[in-house]
Amino acid sequence: MIYREAGQFKTSYAADQQLFPIRQDRIGILILLAVVFLAIPGIASEYWFSAILIPFLIFSLAALGLNILTGYAGQLSLGSAAFMAVGAYAAYNFQLRIDGIPILISFGFAGLTAAGVGILFGLPSLWIKGFYLAVATLAAQFFIVWCLTKFPWFSNYSSSGVISAQKVVILGHEFASPREKYLLVLSIVAVMALAAKNMVRSSTGRAWMAVRDMDVAAAVIGIRLMPTKLLAFAVSSFYCGVAGALYAFCYLGSVEPDGFSLDMSFRILFMIIIGGVGSILGSFLGAAFILLLPIFLDITLPWAAGLLGLPFSNATVSHIQILLFGTLIMFFLIVEPHGLARLWQIGKEKLRLWPFPH
Amino acid sequence: MSKKIGDVILDLQNISLRFGGVKALTDISFDVREREIRAIIGPNGAGKSSMLNVINGVYHPQEGVIVFLGQERKRMEPHHAATQGIARTFQNIALFKGMSVLDNIMTGRITRMKANFLEHALWLGRARREELEHRKKVEEIIDFLEIQHIRRTPVGRLPYGLQKRVELGRALAAEPSMLLLDEPMAGMNVEEKQDMCRFILDVNDQFGATIVLIEHDMGVVMDISDRVVVLDYGKKIGDGLPDEVKNNEDVITAYLGASH
Amino acid sequence: MQFFMEVLIGGLLSGVMYALVALGFVLIYKASGVFNFAQGAMVYLAALSVVGCMEKGAPLWLAIILAFVIMTLFGIATEKFVLRKLVNQPPIALFMATIGLAFFIEGLAPMVFGSAPRALDLGIVDEPIPAILDAWGIVISKFDLVAAGVAALLVTTLALFFQYTRIGRALRAVADDHQAALSIGIPLQHIWAIVWGIAGFVALVAGLMWGARNGVQFALTFTALKALPVLIIGGFTSVPGAIVGGLLIGASEKLAEIYLPPVMQSLFGGNFGGIEGWFPYVLALFFLLVRPEGLFGEKHIDRV
């Protein structure tokens, strides 16, 4: 009943094509925007910004990037963290070596650098697929991290490749507090998410999905496979690169190449599997899930262990976390391959009738 | 109502195709005239699908020449075939299972969409206009094929007959000058076949498309085609008007087997 | 020259170890078409089971038997609860499920058997054999010889098994086409059980060898990742390919590690260790350029 679409007729294709054609969705989105842009900055604590909201937004962005590549274009990648690293180090170097460059431009260039690297490592996709491609992306993951560690120029000759991100100053105002960083990251992520949604709805997105679903047929109807696949790598790496730059500048402050490990790449992959492959919303849901689960476990496990009288250690928490991730991945792939995003859709459909039974 | 069959637009000369040791096609030559309906028939495994694949560039022949619209080529590239106005359907339905009917047919318009990804990302003027313009055209096709009620359904969920219709829609969306149909009526009941025949004839009639058709139903072939080519074991054993081919000894032997 | 031989032989020997892990991959892929990303974790599980049982007081031979039982049961459970449910999905989903499986094992095994690194003593000495050392100046230990011998034996046995036995043929039939295999009466359930049993056995052997050489610790799971380039070079479906691929990877990564850094140092300055970390993958990448199906693999033709 709440989600009743009856009576909302579209009389033009333009109306049918709106991003949120259903009135309830439009209201919902406006409320959401009001909450995240206006309410949360007012009421959330510093801890919430620094430890939860900012990393959530950053990883949602990275998950978006991977979703474009793996979810929409069907090119499996295990190297997303490496592209984040490229973004982080590129942004640092642009800030360092070009005097007076605006930081947003640095972020943009960082994304472009990551896109370039992405195209390079995406070239194998032109003749290999599936898990062969996964191995190629592993090459990217290991090689890029090694390069950033071993070539001292990237980290301005610091020991072990650690870099400390510079201050974030836009138009004379320094974004120093967690609240300000949150708003900055939120704005960037919102704009990029909108751009992503537009791309996947258009013929760019259709070309990607065609290549994913059946590339021979795609070629036959005139889709050029090479530019389409490489574009997916470029856009995806751009998103991961910007996420990486934000990760260094607005979250951790200082990073090292080993921090962008294979483990992080797996996490991002898990985000899109659980959240929903091929779904913009899914990227956000998956990132939230993967980020909140450890926190949730940190709180509930000691309590549960105490209740049951079981011996407990920190190592156990991390083991249970890994165990749960693995279980959830298998669970979602079996039960709901389209992830949380599909569950959300099903929920909305049920709301069409609720509270009536049929 | 007679239609004007034009000149030769596709000429296949001495095409031979091999996969490793397997000879799929041996020295095949035939031509296709503008606006005609040309059927390719033959027993299973005769090489009919391979022939279509050669025409639009999915397979590359080891020998022979393809002359399309006056241009001579040793092989076709799929993308080139598409931009030159050749569209096709497949024996085993090559739809994009993850997308809806509407999106699938929209992909048929992709060679006509000029906006790039940046314009799409920003949803600027040209991107928006193109999307609407092509949406209109696609809706015309949806009306023509009578599939309005399923336009948002993911194609993977549709029954076989409707999937075949959607695939035809995607091919039509490209406004092709030549349509290659690989067993468009396979697995259909009588009504569905009649519908599909009607669509094919309408496409040939209203849109003036040349049709190259692989089909097993002899009734359909004899009824709607202008000329027929018969293949068997990768070789051509008959070529001409439906009646001529029907009475050809070699063709009868190929289908029914020779008595010793 | 001598030094080169040393490095080369050292590389070949470590390549044997990679090959052992790769064998498990090949088996499962050959028999079920599933690329089991969790093979490395299974090696870890096998090794942990052995030391875990020994810690509880079992003698080595009993621990090995128990570990084998554990591995087989685990394999059967995986097939039943995970893989069977994913039969209708594209191979990529199955692959991602095995990634989940790997994480599952990596979380569960240390919880059950403890996570502290432990030594595994097989009673085979891992010191250079004096005779060889004196004669040719090369470092090879009894352990190396045993490992090479075990690997050779395994590969030969498995290759013969697949080629000439009834069960081997059945396995290959199942890998090719489940439905067809079912329709000619091959009992799928039993076949899966056998496959995972064999894969578990291979994982156990690999786990014993690796564990004895490097100790049983979490890092074992990473060496398994190295098996992926081995497979690409050797071919996913080839048992002998796993050995050849393993030897190639082992030798080339050691040679690269020794000979490349000085070159890079002279060009760029600084320290360039750690090439082993990525070299096998880049090498595999080049192989994909030239020969995507691997040295011994089967060429894949898409029928439209």
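The table below gives the values:
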{"quantity": "Residue A:196 being more than 30 Å from residue B:85 (Cβ to Cβ), crowded, with 17+ Cβ neighbours inside 10 Å, within 14 Å of another protein chain (Cβ to nearest Cβ) and at pLDDT 90 or above", "calculated": "yes"}
{"quantity": "Listing of helices (runs of 4 or more DSSP H) fully contained in the stretch C:205-278 that carry 1 or more residues being modelled with pLDDT of 85 or more", "calculated": "C:227-234, C:239-268"}
{"quantity": "Top-ranked residue of the stretch A:41-94 - restricted to ones that are touching a residue at least 60 places away in the same chain (Cβ under 8 Å) and of a type in the set (S, T, N, Q), ranked as surrounded by the most Cβ atoms within 10 Å (Cβ to Cβ)", "calculated": "A:80"}
{"quantity": "Any chance residue A:244 is touching a strand residue (DSSP E or B) at 6+ places or on another chain (Cβ under 9 Å) and either farther than 11 Å from residue A:69 by Cβ or part of a helix (DSSP H, G or I) (or both)", "calculated": "yes"}
{"quantity": "Some residue of the stretch C:198-212 being within 14 Å of chain A (Cβ to nearest Cβ) and not aromatic (Phe, Trp, Tyr)", "calculated": "no"}
{"quantity": "Whichever residue in the stretch B:146-191 is assigned to a helix (DSSP H, G or I) and polar (S, T, N, Q) and, among such residues, is nearest to residue B:52 (Cα to Cα)", "calculated": "B:163"}
{"quantity": "Qualifying residue in the stretch C:38-48 (condition: assigned to a helix (DSSP H, G or I), over 30 Å from residue A:75 (Cα atoms) and among the aromatic types (Phe, Trp, Tyr))", "calculated": "no"}
{"quantity": "Single residue of the stretch A:8-40 satisfying the filter (part of a loop (DSSP other than H, G, I, E, B), surrounded by fewer than 11 Cβ atoms within 10 Å (Cβ to Cβ) and not β-branched (Val, Ile, Thr)) that is modelled with the highest pLDDT", "calculated": "A:12"}
{"quantity": "Residue in the stretch C:69-101 that is farthest from residue C:197 (Cα to Cα), counting only those that are facing another protein chain (nearest Cβ under 7 Å) and in contact (Cβ under 8 Å) with a residue 24 or more places away in the chain", "calculated": "C:91"}
{"quantity": "Residues of the stretch C:195-243 that turn out to be without any contact (Cβ under 8 Å) to a residue 60 or more places away in the chain and surrounded by fewer than 24 Cβ atoms within 10 Å (Cβ to Cβ), as a count", "calculated": "2"}
{"quantity": "Residue satisfying all of: in the stretch A:216-227; surrounded by 24 or more Cβ atoms within 10 Å (Cβ to Cβ) and part of a helix (DSSP H, G or I); farthest from the other protein chains (Cβ to nearest Cβ) among these", "calculated": "A:218"}
{"quantity": "Whichever residue in the stretch B:116-140 is basic (Lys, Arg) and within 9 Å of chain A (Cβ to nearest Cβ) and, among such residues, is farthest from residue B:155 (Cα to Cα)", "calculated": "B:128"}
{"quantity": "Checking residue A:115 against (1) closer than 26 Å to residue C:35 by Cα; (2) modelled with pLDDT of 95 or more, the condition it does not meet", "calculated": "(1)"}
{"quantity": "Entirely in the stretch C:75-191, the helices (runs of 4 or more DSSP H) that have 3 or more residues that are under 19 Å from the mean Cα position of the chain (by Cα)", "calculated": "C:91-113, C:142-164"}
{"quantity": "Candidate set from the stretch C:257-275 (those that are facing chain A (nearest Cβ under 10 Å) and buried (at least 18 other Cβ atoms within 10 Å of the Cβ)); member that is farthest from residue C:226 (Cα to Cα)", "calculated": "C:272"}
{"quantity": "Condition met for residue A:149 (in a helix (DSSP H, G or I), out of contact with any Ser or Thr (no Cβ under 6 Å at 6 or more places or on another chain) and crowded, with 16+ Cβ neighbours inside 10 Å)", "calculated": "yes"}
{"quantity": "All helices (runs of 4 or more DSSP H) inside the stretch A:275-358 with 2 or more residues being surrounded by fewer than 16 Cβ atoms within 10 Å (Cβ to Cβ), out of contact with any Asp or Glu (no Cβ under 7 Å at 6 or more places or on another chain) and in contact (Cβ under 8 Å) with a residue 12 or more places away in the chain", "calculated": "A:280-308, A:339-353"}
{"quantity": "Identity of the residue in the stretch B:54-74, of a type outside the set (S, T, N, Q) and within 14 Å of chain A (Cβ to nearest Cβ), that ends up nearest to residue B:210 (Cα to Cα)", "calculated": "B:55"}
{"quantity": "Among residues of the stretch B:93-115, those that are at the interface with another protein chain (Cβ under 8 Å from one of its Cβ atoms) and either over 19 Å from the mean Cα position of the chain (by Cα) or of a type outside the set (Gly, Ala, Ser) (or both), counted", "calculated": "13"}
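Rundown of residues vs (1) touching a His at 6+ places or on another chain (Cβ under 6 Å); (2) under 30 Å from residue B:252 (Cα atoms); (3) in the same structural domain as residue B:183 (by TED's automatic domain parsing); (4) hydrophobic (A, V, I, L, M, F, W, C), yes/no style:
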| position | (1), (2), (3), (4) |
| --- | --- |
| B:8 | no, yes, yes, yes |
| B:18 | no, yes, yes, no |
| B:25 | no, yes, yes, yes |
| B:30 | no, yes, yes, yes |
| B:59 | no, yes, yes, no |
| B:63 | no, yes, yes, no |
| B:66 | no, yes, yes, yes |
| B:75 | yes, no, yes, no |
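The values are calculated or read from the model by the stated rules, or taken from the named source; none is laboratory data. Quick caveat: nothing in here was measured; it's all calculated off a predicted structure. FYI the Cβ positions are ideal-geometry reconstructions off the backbone, even for glycines, and counts take in every protein chain you see.
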